[in-house]
1. Go ahead and run the numbers for FRET between B:Lys181 and B:Arg130, Cβ-Cβ distance against an R0 of 41 Å, rounding to 0.05.
2. Could you give the dipole magnitude of the stretch B:224-303 about its Cα centre, charging the beta-carbon of Lys and Arg +1 and that of Asp and Glu -1, in debye to the nearest 20?
3. If you wrap a convex hull around the C-alpha atoms of the stretch A:1-116 and split its volume per residue, what is the figure in Å³?
4. Starting from a Cα-only point model with no solvent, please compute log10 I(q)/I(0) by Debye for the stretch B:6-216 at q = 0.09, 0.14 1/Å.
5. Calculate the dipole size of chain A relative to its Cα centre from +1 charges on Lys and Arg beta carbons and -1 charges on Asp and Glu beta carbons; express the result in debye to the nearest 20.
6. Could you grab the Rg to Rh ratio for chain A? Cα atoms only, Kirkwood for Rh.
7. In the stretch B:192-304, if the dipole is taken from +1 on Lys/Arg beta carbons and -1 on Asp/Glu beta carbons about the Cα centre, which of B:Pro192, B:Gln291, B:Ser251 is farthest to the positive end?
8. What's the Kirkwood radius of the stretch B:123-246 in Å, using all Cα pairs?
Amino acid sequence: MDSMVENIITVKNLVKKFGHFVANDHLNFEVRKGEIFGFLGANGAGKTTAIRILCGLSYPTSGEVKVGGLDIYSQRNDIKRNIGYMSQKFSLYDDLTVYENIRFYAGIYGLSRKEISTKSAMLMKKLGLEDAKDKLIKDVPLGWKQKLAFSVAIIHDPKIVFLDEPTGGVDPITRRQFWNLIFEAAKDGITVFVTTHYMDEAEYCDRVTIMVDGKIAALDTPSALKKTYSASNMNDVFLKLARVKTVA
Amino acid sequence: MENPSILVRNISRSYGTVKALDDISFEVPKGELFGFIGPDGAGKTTLFRILATLVLPDKGVASVEGLDVVKDFKKIRKILGYMPGRFSLYMDLSVEENLSFYATIFGTTIEQNYDLIKDIYCQIEPFKTRRAGNLSGGMKQKLALCCALIHKPAVIFLDEPTTGVDAVSRVEFWEMLRRLKESNITIMVSTPYMDEASLCDRVALIQDGRIMKISKPEEIIADYRFQLWAVRSGKSFELLKDLHKYPGVRSVQAFGQSAHIAFEKSILSMEDLHKYLIQTGHENIEIEEIQPNIEDCFMELMIQ
């Protein structure tokens, strides 16, 4: 392993219980600075629970977690300033315009008035949304919304961005354009932590972890995982690992 | 087609200025597993709602089992199973309570039609006292399917039953649909996952309220008229960019660790492309001729 590798997230023995139910069962992993880290697992495997902890939205039951060098127990507010978050379910306000949404998020993340105006102009140009500036979000096609949601999630140049199923339901071309945005962000040095149900997207990640039943069942590069499980693609890897348990 | 199970002729429906469906026509014979493949916003849900007699079309006619969706709506509702994308279960009722609620509404009991749902229900029966809200995504969908089937419908409509469901549960869900088909129920199902198209008897590819193509999945693939290569190198992101610049390439799309390039038949040589990629700094280059999949075909239809 490269000795220069710098970890941006470290998770040691993370446990999260809800009553008697163990959602995260002694998770151990590191995310390296600048990588695209895929976080996969069946429904109910414990992904969302772990992401909520990493984003500082929920405390672990036990374990040691650092995000961007900051402690998850004592420095939650600092963590929130250093991360971006986007989910498929919610990201933008439908009854605000494109520009109002950008301004709103930039404001929340503490950008100055001047930064907001340069950033939003840059962003709209990059996404080709200049003509749609005053359109309400609810009138903008889903594909555009998702690209915009991603862009506002990184408007404050965070160290890490968490993407929770960012491409659900979009057409195949938009899905690929979205991944180009992810690649660009990674190139600019932002670490990307992403979940998806599209197994071809797992192949775009530098490393992938697969959660099964609250535990990490595998963590490696896509090509190493395919070799280990003698699979021709990530879908087969996933089915081999996750199929063992199904009804539970 | 004689006596189709589902008939849709020149159906249009708008919401304000948005055309959700634009002059759609198709027929589905009895017992077919028919797929609607398209992204969110393509018009799939509007079509389901019209056929389920919940929304009126602006134009056109449609019928289910010979019954008109406008005139005979009450009769249609009795013979129809509908699993909407968003809501179909009561989250604060248990698994068993949800199922008996749906059975009661349709004037039947779980016991009466148990045979039809047995295969599916036995997988969730161990959790029958659990609240639906506490089920995992895959199990919710299995329960919702049972609820849509409990009155032994002639036709079932499943609106995106596998969206947000993991890869394992998706495979299981489709195995169930194949088995269900044997009871001669007409199944119309929509999905944004292109790989699920190959599991249907026939599919309609839909985008922006229009049907781009209706065919058997294998015919859609046979109709693809370009040549397709899968190209790999160590640097995937740069590879996409460099392939875009290569003269004669019609489209470049990422597929996992490969890039698929499409071009007019026989205008490119693998040797030349290989040389070009070496010149642009790529290593470990692999190029192979491949057959298109449904996603290749869908994207080709989108850019036409």
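1. Step by step, r from the Cβ atoms, then E = 0.90.
2. 200 debye
3. Convex hull volume per residue, Cα atoms: 150 Å³.
4. -0.33, -0.82
5. With only Lys, Arg, Asp and Glu charged at Cβ, the dipole is about 320 debye.
6. 0.97
7. Looking along the dipole axis, the top candidate is B:Ser251.
8. 17.6 Å
All of the numbers you see were taken from the coordinates with simple rules; none came from a lab. Worth saying up front: this structure is predicted, and the values here are computed from it rather than measured. Cβ sites come from the backbone with ideal geometry, for glycine too, and all protein chains shown count toward neighbours.
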